[in-house]
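Have a look at the structure below, then the notes.
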Amino acid sequence: PQDFERPIDANGDNQFDLMLVAHEMEGAPSIPFNIQIVDRTEVFEDGDVIQIQGWSAYGGLGRNAVNLGDIDQDGRPDILVAAPGQHTRDRSPTFPPPGSEYGANFLLSGKTLSEQTLLPLSLDPDAGVFYMAGTVGDLNLGYSLTIIGDLDEDGFDDLVTARNQSEINLISGATL
């Protein structure tokens, strides 16, 4: 796709001037037209870094993150960030460590990301964040995340995420 901030047309005005010519029809008039590249709000419009902060009780915030593409169709890519709690490889004398809670995943809208340089994760439905909480058996929810393509052929990439130490969840991108 063309980038408004980095025009590649001949004079750098983000407008491609073209001429449609039918060579098979001698004497037919050519048809001029143009394609205008428009600006859109991008995730990194206002800076190069967006800081995401979450509850320290979960531990492991950002241990995994994946680009989900534009699943909410707002013109900007969305991401899933995991806070999987503590994993068995992070064992402490008591497992799980006190206060580690259960794993969680956060679905972050590209629109929300493009409007902020600091995003505190919360359960507020107006925060542009969808929260997938783990349960007692889901301590490692999100410890591993992988986009696996569009298995159900609905136009959205699907996701595999660890649920606990012996189960994974296969999640339809359309569901997200």
Next item on the list: Tally the residues that are in a loop (DSSP other than H, G, I, E, B), over 27 Å from ARG76 (Cα atoms) and either of a type in the set (Val, Ile, Thr) or touching an Asp or Glu at 6+ places or on another chain (Cβ under 9 Å) (or both), restricting the search to region 12-34.
Entry: 1
Next item on the list: Tell me, yes or no, whether region 97-116 has at least one residue that is on the phi > 0 side of the Ramachandran plot, modelled with pLDDT under 70 and over 17 Å from the mean Cα position of the chain (by Cα).
Entry: yes
Notebook entry, point to check: Applying the selection to region 27-70, what residues are modelled with pLDDT of 85 or more, open to solvent by 60 Å² or more (accessible area, probe 1.4 Å) and not small (Gly, Ala, Ser)?
Noted result: PRO29, ILE31, PRO32, PHE33, ASN34, ILE35, GLN36, ASN67
Checklist line | region 77-95, subset assigned to a loop (DSSP other than H, G, I, E, B) and surrounded by fewer than 19 Cβ atoms within 10 Å (Cβ to Cβ), residue modelled with the highest pLDDT | finding: PRO77
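The values are calculated or read from the model by the stated rules, or taken from the named source; none is laboratory data. The model shown is predicted, which means the values in this text are computed figures rather than measured ones. Every residue, glycine as well, gets a Cβ built from its backbone with ideal geometry; the counts of neighbours run over all protein chains shown. Remember, those area values only see protein heavy atoms, side chains included, never the ligands or the DNA or RNA. Shrake-Rupley method; radii C 1.70, N 1.55, O 1.52, S 1.80 Å.
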